[in-house]
Amino acid sequence: MSFAPSPFTPMGIRSIQEQRDRWERKRSCTARELVQSEQRYYEQLDLVVTYFVEILKAKGTLRQDIRESIFSSIKSIHLINQTLLTHIELGRFGIGFEEFCTHLQLYNTYVDNIQTDKKVLVVKKSKAFKRFKKLQESRPEFSQQKLEDLLSLPLQRIQQYKHFLRDLTENTGPDNPEFQRLSKAVKAISEVAQRIQDNARSHENHLQLRRVQKELKGRKTRILTPGRWYIREGWLKTVPPKGMEAKPKMFYLLSDILLQAKPCSPIHPTNGDKFACQRIYPLKECTVDKVFDHTKSEGGLISLTFARAKLLLMSDDQGDINDYRSLCLAVGQLKSKNAVVHRRDELRRKPIRLDPDSQNTPELQQTRGIKRTMMLEEEVREHREGHSSSSIPSTGESGYSAIKRQKSNQAPAAR
């Protein structure tokens, strides 16, 4: 019995059926590649667990803390991937990845410790461990693979999972019961993949800052600061205010500062290849005023204005002048971040208008009572003076002015 569309089938129904067939073919191809790559990945994990983790634990070549710092949670990852492989070999991709995503915390732990693993592996000076590592890597099962390469496989596999699951989800119908499971798995694994990229970027930035710190003479200038990012570096000529010769300087552009340095004397015994820090300009006070292009191939001039200084930077390389946008971008990001912080501080301030409860304090009530007492005394005094004026001849304005002076003398005392 053939399931091919009949030549008498309407054109619209035939095109829909052809589209579904293409989706099914793509899904089958993606599923086959996923299963084959997962089998290979599980075999490589099994090599690490069998020939390194278990044997090192049995022999006691390394202490437990060092062994855990090198291999982290790779043994647990090996177990959950064994379960995943069993599911996907039976074609249950949705169920397999739904259960796999409940254990993604193991991958998060491994991602956070991967740089420590590599560092311990490089720094470890044990001769017994070096001999053991070399012996195990020479086995035919390893196919000349190094332990360092095998330890990076879980990070690479997460990225592969993200692409495989996206292809499976795109070629699975919404009415399929596996569609919702695959969609949730894509979201969960994408978060772990983003975490891997962020950690790698942070580690690369840390290495760049360490390199800049080593290139500077002395330790007075602190480059390794939390929250600081390396952007770029290069040679630029500083134009002096007077008619002097422009001198080349090395500039390091970081996320919050612009560092100006000069090369040390080449004949110095220890600092011949280093730079001496001259000035540090905070970017939060910087304004990139103008960029003058000489020609399209001969560089130009950049004008930077700070709170207490002004810089004119010149370069013969047009690429350096064109890349001034990285400086503008760094300044703009820093100012926008400060503006957000100031805005939050303003929102946290107390309102100028007092609350109704705050207006009933004992001090205010005492002041109001004093004012009422003064007003009653003045009314009584005016009433008495009114009766006395009816029996005593009026003095005109002199009596009124005396009462007024008496009121003005009593008012400061009341205040």
Long-range neighbours under 7 Å by Cβ, at least six apart or interchain, first residue under 18 Å from Ala261 (Cβ atoms) within region 293-316, second assigned to a strand (DSSP E or B) and at pLDDT below 65: Ile302/Val291
Being at pLDDT below 90, open to solvent by 20 Å² or more (accessible area, probe 1.4 Å) and more than 27 Å from Trp23 (Cα to Cα), is that true of even one residue in region 72-84? yes
For the condition over 30 Å from Thr30 (Cα atoms) and open to solvent by less than 80 Å² (accessible area, probe 1.4 Å), what is the one hit in Ile95, Ile55? Ile55
Sole exception among (1) surrounded by 15 or more Cβ atoms within 10 Å (Cβ to Cβ); (2) in a loop (DSSP other than H, G, I, E, B) for Ala276, by number: (2)
Which listed residue, of Asp316, Asp256, is at pLDDT 65 or above, over 30 Å from Leu224 (Cβ atoms) and among the charged types (D, E, K, R): Asp316
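For region 179-196, name all the residues that are open to solvent by less than 10 Å² (accessible area, probe 1.4 Å), touching a Leu at 6+ places or on another chain (Cβ under 8 Å) and not β-branched (Val, Ile, Thr). Don't jump to the end; show me each part of the working.
Initial filter on region 179-196 (open to solvent by less than 10 Å² (accessible area, probe 1.4 Å)): 182, 185, 189, 192-193.
When the remaining residues are screened for being touching a Leu at 6+ places or on another chain (Cβ under 8 Å), the result is 182, 185, 189, 192.
Within region 179-196, Leu182, Ala185 qualify.
The values are calculated or read from the model by the stated rules, or taken from the named source; none is laboratory data. All values derive from a computational prediction rather than experimental measurement. Using ideal geometry, Cβ is built from the backbone for each residue, glycine included, and neighbour counts are taken over all protein chains shown. Accessible surface is based on the protein model in full, side chains and every heavy atom, while ligands, DNA and RNA are left aside. Shrake-Rupley method; radii C 1.70, N 1.55, O 1.52, S 1.80 Å.
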